[in-house]
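Trainee: What follows is a single structure, and I will ask about it in a moment.
Rule-based calculations on the coordinates, nothing more; no lab input. Since the model is a prediction, treat every value here as computed from it, not as a measurement. All Cβ positions, glycine included, derive from the backbone under ideal geometry; neighbour counts span all protein chains shown.
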């Protein structure tokens, strides 16, 4: 499994975030999870405007403040200091989750521990007996947001595949993921299973397949790319 | 039945409203129905402060404005122009009825077509076939407000009793009324039925009983009053 | 870039289709988006299901929409306001359907629709004719009826102040149903007294965040329903 | 006359009883009513059921309340914040009970409790371990779980500005759970940064109307949880 640990091939964290940002349409209302998903905000393509929702009660979240402008009561869902963009608004938690549950948020980008080929997501618990269970807003987001993107390393640190036939960890939601951005590929969840839409530079379909816990389908875009 | 039509005995409209106001404790949050109930606001006893809720989205409603100060968008549930008292707040309909349904309003004073001895209230529909049914917030109020007072003439214009064994009109709510203020008496709804707490000046218990559609009990206050 | 401002009333309501469910803000004339309603009359969509607390007054605004035969069904709490003559006549002659909903249940159903809640329980209407046919359930010794969330294809609402992101504030009791209707409709169309720059409304005082709003038309001096009625006006 | 102002923190929390359910506002340190929590520690009530999104950090505020053995049960969504050590230890040793609720379901349960809704349906948690034992129901082809409204004996919340009627505004994302907890508690106790005259807050911008508030204590310069933690402080 050590092949997966090679560092210099595939996309880096920034590139994964950048690639994801390309798929978020102008004018979208977007919720970004903690970690690599947060970085997506830095790569909104020129000419697009995206409004960020943070579930603790802010629409129109801006980037981190300068150190001397931190307000401990202006934070995001990851409890980090943020700023507000023009047009921002504050609201309470029930209103904030009404936006989520009521399908008003267009896109949510989340991290993952496992994604199944049916689009099941596991990202909140290892299910270990002595773990402190903690779920936050993850289940609300996957149940309510129209489009769910996942950004994740293709394999765990120990080289285990995260894209699997069925999740062994407790689910966050069933059949909720639309697209996955890994360090190796962009993969769609389709009725037929995982379909590779795009490969990172220098990465072959077989290379990705070897590191995936279930069968991958080549997307039409791959054939097209091969023909060029 | 013509006895009930006598005009110069019992309490007038103002006196009924004034008597009701005596029973509203200092600091109460109160919703007043259309008609005589509205008049209760004019008779809050000296030294008490009462805050009025109108279900269309205002807490801290004040009296009618001067004619040149009318704002057609500052109205009460009866769609009449009102003012705001210091400390008032505006909110949307779901929040307004959360105050009602969530039992945050202390007292509601309503009119009635019929009240049964179990405290059932009918005040929204005659049940006639060609009537346009209209309910407004009456059912929400009786289901949600802690204490329901009714102000009503003891009998209909044609002399029929409004306090009855069981309502013939469609109900607004079952077992919801706590106390009734009529032109003849103050009557409590108790587990044993209607109990007369107070008689209007010059009105006898028998006189009220004759005009009531079910058995009345004399309250302890009557015996006390008789002993003085 | 995000700019929800639309110049003309007719463009704002152009895609409202026959048979659509349309929530219309307002409690009586307070908050009634009268110019948007008149634009909808001009537009011609018919067989609409309209959600409003009342059924309009006189022969303008919502009453005119009904009078022009565009409404197949009203969902409302109080179709018997003083000055409301159009609806009662059509109702008595069986030409319009009515779903009568207690006012607070109506508000909560709209809020639930907007918040992704398909159904909830309330004690309102238990043991009354309006609970007939509804599922009863006992919680902690008290009976409740199950009520369904209500959504709409369009909402027409009136705001005091709006920015190009669709952030809204309201005037006094004109707020009434607008914020929850904005949540419950797929497409929310706003007429605002004043369109202002994005960022000029304090984030603490925005009542309806722009996420719930799709289109904003500026109508600086909206007609006042009661004045039109006093003048004996009718629409069109 | 109505005056909800109370001079001392100890008077404000004096009647919180053993076994009470206490909702505590705040998301992390934003909106955490730290002075009220410390007053509750001094007051001594124990075996509390506490509702908060988290379980506190370091050894002050909510973490200190837990560390001092006053909390029998936590109802929360995320008891695993960075710097949260007190709760995990007690939980692993079986000394504290946990009801884990998805954050949006927690918010909606509190709002429902405050709005007189005994139960509602949500798609959140369907097909996950957190739906186990809950009633499932299908509406329009989708499964939902039934969740119950949540009420409390007391709520402790923090506001930016309050008047003597208990009308409140908040500071930015410190708003979070406070408005709905104020609705859901029998007795709502507020610490406010600034107490102002009745009538001085614009009726259009009041977030929590005074009807939901019982007591207000002015704490002009509240402690900042993260600073206390950085200084290695613990309470008492």
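Trainee: Between residue B:64 and residue D:95, take the C-beta separation as r, use R0 = 51 Å, and let me know the FRET efficiency to the nearest 0.05.
Mentor: 0.25
Trainee: Sort out for me the Cα centre separation of region C:78-111 from region A:93-109, rounded to whole Å.
Mentor: 31 Å
Trainee: A further question follows. Using the count of nearby Cβ atoms within 10 Å as a rough guide to exposure, how do B:116, A:204 rank from fewest to most?
Mentor: Ordered by Cβ neighbours within 10 Å, fewest first: A:204, B:116.
Trainee: Moving to a separate point now. How far is the Cα center of region C:177-236 from the Cα center of region A:174-228, in Å?
Mentor: Rounded to whole Å, the Cα centres lie 46 Å apart.
Trainee: Sticking with this structure for a sec: Go ahead and estimate [θ] at 222 nm for chain A from helices alone: -39,500 (n - 2.57) per DSSP H run with n ≥ 4, summed, over the residue count, rounded to 500.
Mentor: Here the helix-only value at 222 nm equals -5000 deg cm²/dmol.
Trainee: While we're looking at this one, here's another question. For the protein assembly as shown, what does the convex hull of the Cα positions come to per residue, in cubic angstrom?
Mentor: 184 Å³
Trainee: Counting only other chains, what is the mean number of Cβ atoms within 10 angstrom of the Cβ of each residue in peptide B:53-61?
Mentor: Shielding by partners across B:53-61 averages 6.
Trainee: Now a separate question. Order of B:185-195, A:87-97, B:127-137, D:106-116 by packing, highest average Cβ count within 10 Å first?
Mentor: Going from most to least packed, we get D:106-116, A:87-97, B:185-195, B:127-137.
Trainee: Run the paramagnetic zone check for residue C:224: 7 angstrom along Cα to Cβ, then residues of region C:175-214 with backbone nitrogen under 15 Å.
Mentor: Counting only backbone N, you get no residues.
Trainee: Just rank C:17, D:27, fewest to most, by other beta-carbon atoms within 10 angstrom.
Mentor: So the ranking, lowest neighbour count to highest, is C:17, D:27.
Trainee: Then there is this: Under the convention of a label 7 Å out along Cα→Cβ, give the distances in nm from residue D:138 to the same position in every other copy, shortest first.
Mentor: From this label point to the equivalent ones elsewhere in the assembly: 2.9 nm.
Trainee: Right, next: For a paramagnetic label modelled at 7 Å from the Cα of residue C:148 toward its Cβ, which residues of region A:88-117 fall within the zone defined by backbone nitrogen distances under 20 Å?
Mentor: Taking a point 7 Å out along Cα→Cβ of residue C:148, the residues of region A:88-117 whose backbone N falls under 20 Å are A:102-103.
Trainee: Given chain C, report the % of alpha carbon pairs whose separation exceeds 21 Å.
Mentor: 55 percent
Trainee: Still on this structure, please answer the following. Kindly express, to the nearest 10 degrees and within the range 0 to 90, the angle between helix A:13-22's C-alpha long axis and the longest C-alpha principal axis of chain A.
Mentor: For helix A:13-22, the angle is close to 80 degrees.
Trainee: Something else now. Please report C:32, C:77 as a ranked list, fewest other C-beta atoms within 10 angstrom at the top and most at the bottom.
Mentor: Exposure proxy ranking, most exposed first: C:77, C:32.
Trainee: Then there's this: Which residue fluctuates the most in chain D, going by a Gaussian network model with Cα springs under 10 Å, if the choices are D:200, D:226, D:125?
Mentor: Maximum among the listed residues: D:200.
Trainee: Cα atoms only, chain B: Rg and Dmax in Å?
Mentor: Just the Cα atoms of chain B yield Rg and Dmax of 17.8, 54 Å.
Trainee: Could you compute how fast region D:1-137 diffuses translationally, taking Rh as the Kirkwood radius over C-alpha pairs and applying Stokes-Einstein at 10 °C with viscosity 1.306 mPa s? Give it in µm² per second.
Mentor: Diffusion coefficient, whole number: 99 µm²/s.
Trainee: Moving to a separate point now. Under a plain spin-label model, where a point goes 7 Å from the Cα along Cα-to-Cβ, how far apart in nm are residue B:175 and residue B:191?
Mentor: 1.1 nm
Trainee: 7 Å from Cα along Cα→Cβ at both residue C:43 and residue D:14: what's the point-to-point distance in nm?
Mentor: Calculated label separation equals 6.1 nm.
Trainee: Relative contact order, percent, of chain A when contacts are C-alpha pairs under 8 Å separated by at least 6 residues?
Mentor: 19 percent
Trainee: If each DSSP helix of 4+ residues adds -39,500 (n - 2.57) and the sum is divided by the residues in chain D, what number results at 222 nm, nearest 500 deg cm²/dmol?
Mentor: Taken over chain D, the calculation gives -6000 deg cm²/dmol.
Trainee: If we hang a label 7 Å off Cα along the beta carbon direction at residue C:1, how far is it from the matching labels on the other copies, in nm, shortest first?
Mentor: Relative to the other copies, residue C:1 has label-point distances of 5.3 nm.
Trainee: Something else now. Considering only the label points, 7 Å along Cα→Cβ from Cα, what distances in nm to one decimal separate residue A:160 from the same position in each other copy, shortest first?
Mentor: Spelled out, the distances from residue A:160's label point are 7.6 nm.
Trainee: Something else now. Roughly how many whole Å is it from the C-alpha centroid of region B:52-89 to that of region D:18-36?
Mentor: Taking the Cα centre of region D:18-36 as reference, the centre of region B:52-89 is 35 Å away.
Trainee: Between residue D:3 and residue D:82, what is the label-to-label distance in nm when each label sits 7 Å out along the Cα-to-Cβ direction?
Mentor: A separation of 4.6 nm, rounded to one decimal place.
Trainee: A follow-up question, please. Please work out the FRET efficiency for the pair residue A:214 and residue A:13, using the Cβ-Cβ distance as r and a Förster radius of 35 Å; give the result to the nearest 0.05.
Mentor: Rounded to the nearest 0.05, the efficiency is 0.90.
Trainee: On to the next question. How many percent of Cα pairs in region D:92-153 exceed 13 Å?
Mentor: The calculated P(r) of region D:92-153 puts 64 percent of pairs beyond 13 Å.
Trainee: Using Cα pairs under 8 angstrom and six or more residues apart, how large is the relative contact order of chain C, in percent?
Mentor: Contact order relative to length: 24 percent.
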